[in-house]
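Only one structure is covered here, and it is reproduced in the block below.
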Amino acid sequence: MKTPAKQRIMSKFNLLLVARLIAQTFSVLLFLFLFIKTDYTGSDTIEYAVNILFRIDPLLAFCAMLAARTVIALLAPALVIVIFSLLFGRFFCGWLCPMGGLLDLWRTIWRIKVDNKKTKYPQLPLVLLLFLVICSVFGVPLVGYVDPFSILVRGLVQAVYPAINFVSDSFFTYTYQSLPAAVNLVTEPVYSFMQATILPFEQRYYELTLVSGFILAFLFVGEFFQSRFFCRNICPLGALLGLFSRYGAMKVSGGDESCGTCEICRTNCRMGAVDENRHIHLSTCILCMDCMVKCPKQIIHPHLLHNSARHKLRPEVAEVSVSRRQFLACLSTGVALPPLLGVRNRGGAKGGSLIRPPGALIEPAFLARCVRCGECLQVCITNGLQPAFFQAGLESVFSPYLLARSGYCEFNCTLCGQVCPTGAIQPLNLQQKHTTKIGHAFFDKNLCLPFAGGVPCIVCEEHCPTPDKAIKFNVVEVKTPRGDRVTLKQPYIVDELCIGCGICETKCPLPGRSAIYVTNTGEVRDPENQLPGADFDSYSGYS
Amino acid sequence: MNRRQFIQQAIALSAGLSFSIPEVFAAKARPDLAIVTGKNYLDVVGHSIELLGGMGQFVRPGDTVVIKPNIGWDRSPEQAANTHPLVVQGLIEMVLDSGASSVDLFDHTCNEKRRCYQNSGMADMVISFGSKKVRLEHIDKRKFIPVHIERGKSITSWEIYKQAITADVYINVPVAKHHGLSRLSLGLKNSMGAIGGNRGKLHHDLGQRLADLATVVSPTLTVVDATRTLLRNGPQGGNVDDVRLLDQVIASVDPVAADAYGTTLFGLAPEDIDSTVAAHKMGLGQMDLAKVNLLKKTL
């Protein structure tokens, strides 16, 4: 670099730069704090606004409301970001976005130096945004797949956080079981402290750990190709905020002909927002303040639109836009998707065959609102909620379902509905929860010991949580496979009492496959999916 | 404070008594079962131990003590699925007064661990002691130790929680309640909360397996909480209409006799419970209540 750049420039923007760094640090820390607090802490209600990040995201708000064709009041905070963006451009990306903050931190840690002048696919975020909006219009909810917060939290919930716990668990198990007591005098307090502060309460396991983990890792690997690779080349939220910024009140004046060959602003821009003419592209600039601070002439500065006359009318900056061809491609894909998705054979299960969390809206409305953030997975205290892969189709990937063999729906727990940022899972009070049927249990009598082996068991009956047990038993005399006559208890299910919580399937002591299993049959949210002969009152607890 | 002073005095008094009476008589005077009824559960449990000669008989200064209540379910005290926190509190106070160096409480829960400890009232009760000696610990899977069950007829080894074996004094504090498979859940059944592994497998021969387990998890003292009994839909209940108030605590050094007596509270006979019968046959205790020295007291 040239010597002038090395000189310390007394810039009036220095303070703002420091402010930005503080804001970024604070928002990353706050985000991590809220992430850790997305857990049961002894109270039946979550005490922090752990889902706030998803509720201020205008992209999620816009797409979810379009897809669900309704106003979602929970997402009202997104308006704040819209207004701020109209006033101050993409300040959110540079100052508050925890994803952006983590990427910046990552680059600093690895001291990555790459050519940042030209963004590789400058139009892609905008095309993606258009595609997502069109898909939402046609009722295909895909926004959660690429939203930065969904990617971030999903990756943390399913991969990073459990993996961190796995490592510390293994380490402290080793020290506890294999090292002398003197070592444990040090390690055990450390472990206890970590458990009380940053570690999850228990080891979690997720079906899509690798998928969600790799997607998140990809964002960080991108930094080795270009700074803020994801933000420039993919992030549709950034593209949306860029639109607000472009038509918003604030402009940033860049350099001009008088700058000569100096390209300090351009080479330093982490977003590639400065072009050859040293004009600053407002749809890309995230107001990180780097160029303003580093400009030797100190001529880069933000100003309000109505002042622009004073700054002489510059040649209009050519902002990124979508070509007609790209628009048509998005539109035709968006138009083609619904019929293609609609004609897939679903094996007779119109509303899908996954067990959704208690309070989940009926399947199409549920998927339209679900932004795949993984908050419910994180808060589910039994590790029962898992992200779906392609079991329920392309539009259902990463959506939560109950895998009852891995964990059950805790009878007195209502946390998933409390953390859902979009109301895809409606919050239920305890009384509603107790009577919300999410599925139904069935016995496989070829496996179930009292039927198949003449062996006493009924662990399922023991755990059945409804105060009047949904699993009861008959005392019968049976002939065992060996020919002995024994008297034992054979379980059966009372249809009207079973709420499908799945604890029976979780606790069935058979190794491998459970002899009792739950399906979504009879779930209260879907009138088409009722048990034959059942005569349930229609449930009106959902808004 | 009053109550604690009372207990201290009572302990001192009984100590004095046992000094003044010749050894032979003192041994005879100790009942096999102490059954105390009353509304103040702290006093009830205090008197029950008192009738057995006081906690000083079981806990020496410096001893490590495990108190193993039933905290298996995410249920409130009035739903009677877990041991009443006051009964446990009374025991902790006496154990501390006897000079124990530590008191560990735990249960391998069936519902989510934290919810059980919280909603059973056990977590708050333990916190109220504000003592580092008293620890309510979540099951730590590193602490399960495979134990050979030498006398086992149906199981020959199982993973058992470390403190349950290593503690100087193990006090089993079950709640007396209905259970689908075993008909009742009492002291022997409560020991399932001190083991690991695939616990559901014990159900395949529950009576004998619980008795086998009792040969290695052997309580110094069994204190059956029958302050409330769950009559139906056990072991986790959930409906207070299924709960009967008895305001009673049964304390015994004989785990089988404690279970046998507990059974009678439900209108059943000791021989109706497989684990009681199996344990009796193995010589772990007396199930014939006619041969048991009962001492009842109503406050």
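Here, each number is a calculation from the coordinates, and none is a lab measurement. Treat the numbers as computed from the prediction; the structure is a model and nothing was measured. For neighbour counting, all protein chains shown are included, and Cβ atoms are generated from backbone atoms with ideal geometry for every residue, glycine included.
When N is the residue count of segment A:363-539, what does its C-alpha Rg come to as a fraction of 2.2 N^0.38 Å? Before the final figure, lay out each step's value.
On the way: Rg = 17.6 Å, N = 177, 2.2 N^0.38 = 15.7 Å.
With N residues counted in segment A:363-539, Rg over 2.2 N^0.38 Å equals 1.12.
Residues of A:185-196, mean number of Cβ from any other protein chain within 10 Å of their own Cβ, rounded to a whole number? Show your work: numbers first, answer last.
On the way: counts 0, 0, 0, 0, 0, 0, 2, 0, 0, 0, 2, 0.
Mean partner shielding for this stretch: 0.
Tally the DSSP beta bridges in the protein assembly as shown and give the antiparallel ones as a percent, rounded to 5.
Taking every DSSP beta bridge with both residues in the protein assembly as shown, the antiparallel ones total about 70 percent.
Using only the Cα atoms of segment A:446-511, each taken as one equal point scatterer with no solvent, compute I(q) by the Debye sum, divide by I(0), and report log10 of the ratio at q = 0.14 Å⁻¹.
With no solvent term, the Cα-only Debye profile gives -0.42.
Would you calculate the convex hull of the Cα atoms in the protein assembly as shown and tell me its volume per residue in Å³?
199
Cross-link candidates for A:Lys118: which lysines have Cα within less than 22 Å, leaving aside residues fewer than 8 places away along the same chain?
Candidates past the 8-residue exclusion: A:Lys2, A:Lys251, A:Lys294.
Let's test this: bin the Cα-Cα distances of segment B:172-216 at 5 Å from zero up to the farthest pair and state each bin's percent.
5, 21, 36, 28, 9, 0
Please report the relative contact order for segment A:363-539, taking Cα pairs under 8 Å with a sequence separation of at least 6, and give it as a percent rounded to a whole number.
Details: 349 pairs, mean separation 38.6, N = 177.
Value for segment A:363-539: 22 percent.
Using a 10 Å cut-off on Cβ atoms, rank the peptides A:342-351, A:60-69, B:131-140 from the highest mean neighbour count down.
A:60-69, B:131-140, A:342-351
In whole angstrom, and with the biggest value first, how far do the Cα coordinates of segment B:104-210 range along each principal axis?
For segment B:104-210, the Cα extents along the three principal axes come out at 43, 30, 23 Å.
Please tell me the relative contact order of segment B:3-298 in percent, rounded to the nearest whole number, where contacts are Cα pairs under 8 Å and at least six residues apart.
It comes to 22 percent, rounded to a whole number.
Quick one: which of B:74-82, B:281-289 comes out on top by average Cβ neighbours within 10 Å, and what's the full order, highest first?
B:74-82, B:281-289
Of all beta bridges DSSP finds with both residues in chain B, what is the antiparallel percent, to the nearest 5?
DSSP beta bridges in chain B are roughly 50 percent antiparallel.
Can you order the peptides A:354-360, B:94-100 by their average number of other Cβ atoms within 10 Å per residue, highest first?
A:354-360, B:94-100
Near the amide H of B:Ile145, under 5 Å away, which other amide H atoms are found, from residues 5 or more places off or on another chain, if H is placed in the peptide plane?
Here the answer is B:Ile160, B:Tyr161, B:Lys162, since their amide H atoms fall under 5 Å of that of B:Ile145.
Can you give me the long-range amide H partners of B:Leu184? Hydrogens built in the peptide plane at 1.01 Å from N, cutoff under 5 Å, separation of 5 or more residues or another chain.
Here B:His179 satisfy the definition.
Calculate the length of the line joining the C-alpha centroid of segment B:33-63 to that of segment A:45-85, in whole Å.
59
Can you list the lysines whose alpha carbon is less than 19 Å from that of B:Lys291, not counting same-chain residues fewer than 8 positions off?
The reachable lysines, counting only those whose Cα sits under 19 Å from B:Lys291, are B:Lys28, B:Lys281.
Residues of A:452-464, mean number of Cβ from any other protein chain within 10 Å of their own Cβ, rounded to a whole number? Display every interim value, and only then the final one.
On the way: counts 0, 1, 0, 3, 8, 6, 6, 10, 2, 6, 12, 7, 4.
Partner-chain Cβ atoms within 10 Å, mean over residues of A:452-464: 5.
Would you mind checking A:Lys445/A:Lys489; B:Lys162/B:Lys201; A:Lys445/A:Lys472 for any pair whose Cα atoms are more than 18 angstrom apart?
The answer is B:Lys162/B:Lys201.
Per residue of B:102-111, count partner chain C-beta atoms within 10 Å of its C-beta, then hand back the mean as an integer. Kindly include the intermediate steps, with their values, before the conclusion.
Details: counts 0, 0, 0, 0, 0, 0, 0, 0, 6, 10.
Neighbouring Cβ atoms belonging to other protein chains average 2 per residue here.
How large, in Å, is segment B:40-133 by the Kirkwood hydrodynamic radius built from its alpha-carbon pairs? Each step should come with its number before you reach the end.
Numbers: mean 1/r = 0.0733 Å⁻¹.
Taking every pair of different Cα atoms in segment B:40-133, averaging 1/r and inverting gives 13.6 Å.
Give me the percent relative contact order of chain A, please, defined on Cα pairs under 8 angstrom at least 6 residues apart.
Details: 962 pairs, mean separation 89.1, N = 543.
Relative contact order comes out at 16 percent.
So what's the back-of-envelope 222 nm ellipticity for the protein assembly as shown, counting only DSSP H runs of four-plus at -39500 (n - 2.57) apiece and dividing by all residues, rounded to 500?
So the helix-based figure for the protein assembly as shown works out to -11000 deg cm²/dmol.
Using alpha carbons only, how many degrees (0 to 90, rounded to 10) separate the axis of helix A:209-222 from the longest principal axis of chain A?
Roughly 10 degrees between the two axes.
If you take every DSSP beta bridge whose two residues both sit in segment B:73-174, what share of them, in percent to the nearest 5, is antiparallel? Each step should come with its number before you reach the end.
Values: 5 of 8 bridges.
About 60 percent, rounded to the nearest 5.
Once every Cα of segment B:199-241 carries one equal point scatterer and solvent is ignored, give the base-10 log of I(q)/I(0) from the Debye formula at q = 0.25, 0.35 Å⁻¹, two decimals.
The computed values of log10 I(q)/I(0) come out as -0.97, -1.08.
What do the square roots of 5 times the Cα gyration tensor eigenvalues come to for segment B:174-278, in whole Å, largest first, as semi-axes of the equivalent ellipsoid?
Value: 20, 16, 12 Å, ordered largest first.
Give the Debye-formula value of log10 I(q)/I(0) at each listed q (0.10, 0.11 Å⁻¹), with one equal scatterer per alpha carbon of chain B, two decimals each.
Scattering profile of chain B, log10 relative to I(0): -0.48, -0.59.
Work through the residues other than A:Lys350 whose Cβ is under 15 Å from its Cβ and net out their charges, Lys, Arg +1 and Asp, Glu -1.
Overall, the nearby charge balance is -1.
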